[in-house]
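Engineer: Take this structure first; my questions come after.
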Ligand SMILES: *Cc1c(COP(=O)(O)O)cnc(C)c1O
């Protein structure tokens, strides 16, 4: 069998939820498990994160699956209904949609659900992606509260720079100033805000990334935050080549040896979810020792430097990210984020579940 696999730890996710909760104070926690639980599997995440107060997903299909699996906690639909036809299911399955544009209010008004539903009303406090303009809050809140199909309203916003130096203040202060008059529960914090800005907690927090053991910050490691990696991507060396000085390796011959050196070929490529744009020098563990990738990543293979790994040969274990090699370090070297790497784990990679 091709030696690549992803080892996914239920215990690590459960641990990371406890870390998230330790920052949440009196706020309740939506475990964000959109995008197949950031690549970790919906059903697996549901079991690992069973102690959460609620789950947040993107689609009706994900939410319906969770209900089929027996989930009884609240389920938040992060982008709400994509059409009026989804309202009935929200009521049947007791899903809480986010309302962020006027058409959704029209749908609720003209096709009211069989029983009133709880909604999250999203305001744009500066990210300019989803949400009603803050300036229109009085009319929007009044309209939503007057809809017979609405059972309760929680106010919501989302931060664009909670993980950066600019922080949350420039969005949080206007949001709280405008929302204060409504005396309604509110929700704003993603992983970064939850860990760094207690003033963002509100009634519900919405961590995603930290549950999987990655750091939202470039200046703080996941280990420092007390998190454990939930996904380890592992493979093996399937071939060893010796390059002479001047010889190149892989497509485009993007790496050339300046001396005689041994190169390991690893059964992992971009069709497995490894980033194709990772350049020479992206960290990798060979036989437990830190090494680096060489040249361009292929569809099914990538090459690693065995100069410092004299004992490595065909069959030697390779960790692409996870235990012993933070996914954040690989993402940084590859010019991307741990979000993208985790989500991109390909369906063809077999998963080994561990406690
Ligand atoms: C994805 C998402 C989150 C979780 O973000 P993390 O950075 O992974 O914690 C929170 N809120 C909303 C609205 C989201 O779309």
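Engineer: Would you point out which residue out of 50, 20, 31, 27 is at pLDDT 95 or above, surrounded by fewer than 21 Cβ atoms within 10 Å (Cβ to Cβ) and assigned by TED's automatic domain parsing to the domain that holds residue 100?
Structural biologist: 50
Engineer: Please verify whether the stretch 145-154 includes one or more residues that are surrounded by 24 or more Cβ atoms within 10 Å (Cβ to Cβ), at pLDDT 95 or above and on the phi < 0 side of the Ramachandran plot.
Structural biologist: No, the conditions are met nowhere in the stretch 145-154.
Engineer: Let me ask something else. So which of 110, 158, 100 is farther than 19 Å from residue 192 by Cβ and surrounded by 19 or more Cβ atoms within 10 Å (Cβ to Cβ)?
Structural biologist: The match here is 100.
Engineer: Now for a different question. Of these, 341, 290, which one is part of a strand (DSSP E or B) and within 26 Å of the chain's Cα centre (by Cα)?
Structural biologist: 290
Engineer: Would you tally the residues in the stretch 171-186 being within 16 Å of the ligand (Cβ to nearest atom), touching a helix residue (DSSP H, G or I) at 6+ places or on another chain (Cβ under 9 Å) and farther than 23 Å from residue 220 by Cα?
Structural biologist: Of the residues in that region, 2 qualify.
Engineer: Residue 176 - would you say it is assigned to a loop (DSSP other than H, G, I, E, B) and farther than 17 Å from residue 78 by Cβ?
Structural biologist: Criteria not met by residue 176.
Engineer: Here's another thing I want to ask about it. If residue 72 passes every condition in (1) away from the ligand (no atom under 16 Å from the Cβ); (2) touching a helix residue (DSSP H, G or I) at 6+ places or on another chain (Cβ under 8 Å); (3) outside any helix (DSSP H, G or I) but one, which one does it miss?
Structural biologist: Unmet condition: (2).
Engineer: Within the group 196, 129, which residue is within 10 Å of the ligand (Cβ to nearest atom), surrounded by fewer than 23 Cβ atoms within 10 Å (Cβ to Cβ) and outside the structural domain of residue 322 (by TED's automatic domain parsing)?
Structural biologist: Checking each option against the conditions leaves just 129.
The values are calculated or read from the model by the stated rules, or taken from the named source; none is laboratory data. Fair warning: this is a prediction, and the values are worked out from it, not measured in the lab. Don't worry about glycine lacking a Cβ; one is built from the backbone with ideal geometry, like all the others, and counts go over all protein chains shown.
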